[in-house]
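Working notes, beginning with the structure itself.
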């Protein structure tokens with residue numbers, strides 16, 4: 001079976017309702033937190049993707065019983081309590097492509113009695129791990145080899161954990177979460193001054209009545225987490241992923257005479273920056289049936305085609321809340337009237353691929369006028385942009401979001417596209433191609 005996809009036709013107009021894949025961030029966090037509870041936790045509508053399966057496999061290696069029904073998307077995890085892992089000798093945990101897993105699980109291994117080796121695929125092994133190593137060193141945790149900042153690495157916990165006070169300046173929910181997990185194991189109170197980022201971990205723990213206190217400031221939060229003695233089991237129905245929904249939101253905005261309702265999507269304000277940005281650009285997006293579920297906001301998202309898009313000077317305050325969606329936002333900017341400016345996006349180049357570099361390459365290939373410096377990009381939109389050439393996208397480090405961005409570009413703007421590495425979507429959104437077909441996409 002070929003690992004590429006051919007697009008020769010724009011998508012035709014549609015009026016549909018869909019459900020997108022379950023939220024990856026919630027699925028992984030549920031599994032990790034359930035492993036620390038006492039007794040059986042159950043998730044329904046769990047995302048069955050490579051990143052989540054890697055999480056479950058790592059928990060099994062640490063002695064956690066896991067029952068998974070892939071067909072029904074139901075998972076049961078039998079936790080052994082805080083620090084209830086079975087630390088056998090010579091354990092190797094393979095995070096594969098998941099940065100969320102590789103980083104967060106380190107916060108739960110801070111009392112490991114034996115060395116544990118953490119490995120990943122080529123893409124993950126290129127990513128910066130100093131943001132994990134440096135704060136955990138302060139807790140008393142060691143990493144080997146010394147001075148190495150990328151996977152593979154060995155982590156060795158300590159019986160003498162100490163609480164810390166740490167300033168998280170990046171706006172990384174992964175770093176914040178691993179610090180919270182480590183703080184749950186440390187005596188006393190750990191204090192984190194965290195730049196604003198997605199807050200799923202905090203919402204989970206507050207729902208479970210874990211001793212966590214959050215003081216919200218304008219640009220950062222002060223999080224105090226005390227040593228945790230017990231976590232109750234948590235049953236959870238995983239909502240749809242806003243990052244997956246984003247591709248269909250943009251597909252609808254850029255298509256002609258189309259309407260779409262995406263059901264049951266997580267619209268947590270710390271994740272839904274894309275909705276704010278696109279609305280400012282003139283997109284017609286309405287949140288319907290809004291409700292709270294265990295502290296999280298869930299909505300149905302209604303989108304209509306938009307023939308008149310405006311450029312945006314995008315405020316940096318939206319960066320953390322839309323960091324995974326900027327690739328697809330750039331496609332909207334390409335058709336907006338005027339010059340859109342996105343700045344201080346250094347985190348984009350620290351993802352599965354150097355995404356700002358990849359987006360620049362694809363937009364230039366499409367003939368979009370732009371100006372790029374190290375961490376910022378100006379995109380000069382053309383409301384009449386239509387493509388009629390042949391385009392090939394390859395060598396993008398197997399990054400699922402680059403693949404999906406390219407497919408949406410082909411379906412919306414025309415031309416003949418060959419996009420390689422179709423299997424990349426298995427990490428986060430295996431149903432992506434089938435859902436586009438449901439809306440009328442035709443592939444050769």
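The values are calculated or read from the model by the stated rules, or taken from the named source; none is laboratory data. The shown structure was predicted, so the numbers you read here are calculated from the model rather than taken from an experiment. Ideal geometry is used to build each Cβ from the backbone, glycine not excepted, and the neighbour counts take in all protein chains shown.
What tally of residues in the range 373-383 results from selecting those that are modelled with pLDDT under 95 and either buried (at least 19 other Cβ atoms within 10 Å of the Cβ) or assigned to a strand (DSSP E or B) (or both)? Lay out the reasoning, then the answer.
Step one: filter the range 373-383 for residues modelled with pLDDT under 95, giving 373-375.
Then drop every residue that is not either buried (at least 19 other Cβ atoms within 10 Å of the Cβ) or assigned to a strand (DSSP E or B) (or both), which leaves none.
Qualifying residue count for the region: 0.
Answer yes or no as to whether residue 276 is under 21 Å from the mean Cα position of the chain (by Cα), assigned to a helix (DSSP H, G or I), surrounded by fewer than 19 Cβ atoms within 10 Å (Cβ to Cβ) and not assigned by TED's automatic domain parsing to the domain that holds residue 64. Outline the logic, then answer.
Numbers: under 21 Å from the mean Cα position of the chain (by Cα): yes; assigned to a helix (DSSP H, G or I): yes; surrounded by fewer than 19 Cβ atoms within 10 Å (Cβ to Cβ): yes; not assigned by TED's automatic domain parsing to the domain that holds residue 64: yes.
Yes, satisfied.
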_Looking at 213, 224, 263, can you tell me which residue is surrounded by fewer than 19 Cβ atoms within 10 Å (Cβ to Cβ), within 30 Å of residue 19 (Cα to Cα) and at pLDDT 95 or above?_
263
*Where residue 239 falls short, out of the listed (1) under 13 Å from residue 321 (Cβ atoms); (2) touching a strand residue (DSSP E or B) at 6+ places or on another chain (Cβ under 6 Å)*: (1)
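From 390, 386, which residue is more than 16 Å from residue 330 (Cβ to Cβ), more than 26 Å from the chain's Cα centre (by Cα) and either crowded, with 17+ Cβ neighbours inside 10 Å or modelled with pLDDT under 95 (or both)?
So the residue among 390, 386 that is more than 16 Å from residue 330 (Cβ to Cβ), more than 26 Å from the chain's Cα centre (by Cα) and either crowded, with 17+ Cβ neighbours inside 10 Å or modelled with pLDDT under 95 (or both) is 386.
If the requirement is being under 18 Å from residue 44 (Cα atoms) and not assigned by TED's automatic domain parsing to the domain that holds residue 82, which of these qualifies: 268, 257, 264? So that I can check it myself, show each step before the final result.
Numbers: 268 fails: under 18 Å from residue 44 (Cα atoms); 257 fails: under 18 Å from residue 44 (Cα atoms).
That would be 264, the only listed residue that is under 18 Å from residue 44 (Cα atoms) and not assigned by TED's automatic domain parsing to the domain that holds residue 82.
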*Output yes when any residue across the range 290-300 is out of contact with any strand residue (DSSP E or B) (no Cβ under 9 Å at 6 or more places or on another chain), surrounded by 16 or more Cβ atoms within 10 Å (Cβ to Cβ) and at pLDDT 95 or above, and no when none is.*
no
_For the range 171-209, which positions are farther than 16 Å from residue 26 by Cβ, under 22 Å from the mean Cα position of the chain (by Cα) and without any contact (Cβ under 8 Å) to a residue 24 or more places away in the chain?_
none
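Considering only the range 9-44, how many residues are assigned to a loop (DSSP other than H, G, I, E, B) and surrounded by 21 or more Cβ atoms within 10 Å (Cβ to Cβ)? Walk me through how you get there before you give the answer.
At the first step, the residues of the range 9-44 found to be assigned to a loop (DSSP other than H, G, I, E, B) are 9-14, 19-21, 23, 35-37.
With the extra rule that they be surrounded by 21 or more Cβ atoms within 10 Å (Cβ to Cβ), the set shrinks to 11, 20-21, 23, 35-37.
So the answer is 7.
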